[in-house]
Each structure stands twice: as structure tokens, then as C-alpha cells.
Amino acid sequence: MTFEEEVQHLHQYLNSKIEHRDDFGFTLIRLCVLMNEQYITNFNKKLELFYGSVLLEIIVHLSDLLQKLKRIDPTKAILFTDDITPYYGIGKANKYENITDLITFFRNAGCHIGSSKRYAQDGKAHAWSVQVGNNPILEYPTVGKYSDDAIVIMGNHRLYIKRHIVRSFKEMLSAYRSLPDFFIYKTIIDVLPNL
């Protein structure tokens, strides 16, 4: 049995055991498999056709799991603020102060093509531009602060791949592992070598 078949089999088994069959199991497994591939942290792939699609799928799943964690146990919510400048737009969904809200902000902007979140102050659309390192280039003078990381640019908003996405994923996974009902997913996650 291939690794993918094993994961699919375990996912089917777990879904048959879960009383309230929401998409939590699928979301968690899919996110873990995507993160295990380390595709988004291989910045040489950023020009490949599906890099943006994989990045968006990771952000969608991560946002969902971060928000669920915040509802399940607010004391375990992932709320770090490193390299995040708080933003207060108009409306409840148009602000962020911490990583959970920033990931959700990017999720909403990524999934809603006409979103005003995609526009910079100069009125130009800047959606899903990924800039590696801290050296500006002519087309995109906006860069991150770190030579070993990349930022995703969405309008005037910035999301680091390693310092935000990867870190929040690891902290979220650790928080879920500490929950008493999480043991049913542990078997699947523990077989992924890069987590």
C-alpha cells in the first residue's frame, strides 16, 4: 500500500468513527500532507504553475483549523503577533491583531477575488505576489525583513511563509495534540516524516 493509499484508508476509517462527520478530519489530514511536502518553503518553486494554488489551499485549511481551535479551547488559540502590524479596517472581518486573524484575513482575500483587501493604497491590485528574501527588485520594491524567508503580498498586507504560516501550523498542531480527543488523528500525523 502506498503512503497516499494509507492516508486515504486511515481517513476513511476515522470518518467512520467520528459521530459528527464534519470536515475536520479531512482538513487536518490534507493540511498535514501538504505541509509535510514542504512545497511552499521551497522558494525555487514559487514560479511553478501550482505554487499559488497550494499556498491558497494551505491558508484555507490553516485558517479553518486555527478558528476551530480558538472556539474549542480559547486558552490554546494561536495568537502570536511577531512581525504583524495590527490592521483595523471597516467591519469585523476586516481587521487582524494576531496570526489567527491574519491567516483568516488572507484566506478571505484569497477566496474572494473582488475583495478590497487585494488592493494597495495606490489603488493597484497586489494579490498573491510572493517575494523571497529582503532584496527589492524593480517590479516589487516591497520585501520582507528576512533573507531566509518569503512574504505573500496581498494589497498592503504581508504574510511570512516560514515565520507565520509554518510557525502557526506547528503551534496549532501542538495545541491540537494536547487535546484529549485528538488521539484518533495522532496515528496519521505521526507517520508524516517532516512534521
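For the stretch 80-100, residues that are over 19 Å from G144 (Cα atoms) and assigned to a loop (DSSP other than H, G, I, E, B) total 6. Taken across the stretch 181-195, residues that are among the aliphatic types (A, V, I, L, M) and modelled with pLDDT of 70 or more do not occur at all.
The single condition among (1) touching a Phe, Trp or Tyr at 6+ places or on another chain (Cβ under 7 Å); (2) modelled with pLDDT of 90 or more that L28 does not satisfy is (2).
The values are calculated or read from the model by the stated rules, or taken from the named source; none is laboratory data. What you see is a predicted model, and the numbers here were worked out from it, not measured in a lab. Glycine gets a Cβ as well: all are built from the backbone with ideal geometry, and neighbour counts include every protein chain shown.
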